[in-house]
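Read through the structure below, which is laid out as structure tokens, and then see the notes.
The values are calculated or read from the model by the stated rules, or taken from the named source; none is laboratory data. Owing to the predicted nature of the structure, the values given are computational and were not obtained by experimental measurement. Cβ atoms come from the backbone with ideal geometry, glycine included; neighbour counts cover every protein chain shown.
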Amino acid sequence: MRKLTIILLTLMPFLTKAQITLIPDQQFEQRLITLNIDSDGIVNGQILTNDALAVTDLYLGGGFINDLSGLQDFISLEKLTCYYNPLNGSFGAPYGIVNISTLINLKELDVRASHLNTIDVSNNALLEKILIGNESGGDIPIISDFTKLDLSNNPNVNYVDATNLFNRFTFLNMRNNTANNVYIDVSSVMINPPTVCIEVDNHIAATNGTAPYDTWVVAGNYYFSDNCVLSVEKFVNENFKIYPNPATDYVSIEQKETNGVTLQSVQILDSSGKWIRSVKENFNQIDVSNLSEGMYLFVIQTDKGNKTEKIIVK
């Protein structure tokens, strides 16, 4: 018994030692000190985990933060504001990462202009409000570049700000939504703003503005679909015309509509699948006069998918 007591007394300092959360970004920790969250008041790369657990509303806007490691221990958070932070940079790849998978109580999230191109909110079932857009102007050089946003696991979302994103943002998944008075803004000041496909459970009711979508307000270029992936593929397949076929001197590719899909290149392959050459401009007059007679594959590559056409060269 005495031996056991001695062992317990020896281990007691370790058993009672407070847990810590590592905060490697000094700007992040300095903001926590300024907000009186970091109780030791020293920038030392860590805070007490109990300090993090006590926070329900965290404002990190404009904090020049590059790394949000440590955020995962703020599990009581209901509101997180961290817009205008150059997470891992300010423009272009590699983009930043915000891991909020442990923040199961989160209801409001603002990550506008924070150099992101994706965010996973699938574990934040209580989420009601999300902002991922960019500034329309001013002196904020930090750019996010989302292509899609999946809110199918967030039935309570009633406010979505996806404004002024680049033309690659074309998909918003709003399936399983049960909220009332939903407001969605996908508008953009960009030249030729994209048409965003909003996936819902009943696209006919949503398009007609009937229940349960009669309280929804959507701003920007958009359309409703019950399967945005197939919808985009169909758009690619139906929206590009390639002619003449057979061809002798030139082949032209005509795009009927431009909103939402960007023609990037055309790959020319022979009948066996061997690559011949790549065309990245002047799609309306592709020279085929130097090709031998026979059948060729023209792979039309867009930012949303590809379309392959068989072309006969005489």
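Selection of strands (runs of 3 or more DSSP E) fully inside the stretch 105-202 by the criterion of at least 2 residues being under 16 Å from TYR83 (Cα atoms) returns 108-110, 129-131, 159-161. Which one is farthest from PRO246 (Cα to Cα), of the residues in the stretch 274-313 that are touching a strand residue (DSSP E or B) at 6+ places or on another chain (Cβ under 7 Å) and part of a loop (DSSP other than H, G, I, E, B)? It comes out as ASP303.
Among the conditions (1) among the hydroxyl-bearing types (Ser, Thr, Tyr); (2) modelled with pLDDT under 95; (3) exposed (fewer than 14 other Cβ atoms within 10 Å of the Cβ), the only one that THR34 does not satisfy is (2). Is there a residue being of a type in the set (Ser, Thr, Tyr), at pLDDT 95 or above and either closer than 25 Å to LEU87 by Cα or outside the structural domain of LEU71 (by TED's automatic domain parsing) (or both) anywhere in the stretch 48-55? Scanning the stretch 48-55, I find at least one residue that is of a type in the set (Ser, Thr, Tyr), at pLDDT 95 or above and either closer than 25 Å to LEU87 by Cα or outside the structural domain of LEU71 (by TED's automatic domain parsing) (or both), so the answer is yes. Number of residues in the stretch 88-105 that are surrounded by fewer than 16 Cβ atoms within 10 Å (Cβ to Cβ) and of a type in the set (Phe, Trp, Tyr) equals 1. Contact annotation: no residue pair with Cβ atoms under 7 Å, 6 or more positions apart or on different chains, pairs a residue in the stretch 270-285 that is in contact (Cβ under 8 Å) with a residue 24 or more places away in the chain with a partner that is exposed (fewer than 11 other Cβ atoms within 10 Å of the Cβ) and not in a loop (DSSP other than H, G, I, E, B). Residues of the stretch 203-217 that are in a helix (DSSP H, G or I) and closer than 21 Å to ASN153 by Cβ: HIS203, ALA206.
Here ILE97 meets the list (1) within 20 Å of ASP161 (Cα to Cα); (2) at pLDDT below 95; (3) over 22 Å from the mean Cα position of the chain (by Cα) almost entirely, failing just condition (3).
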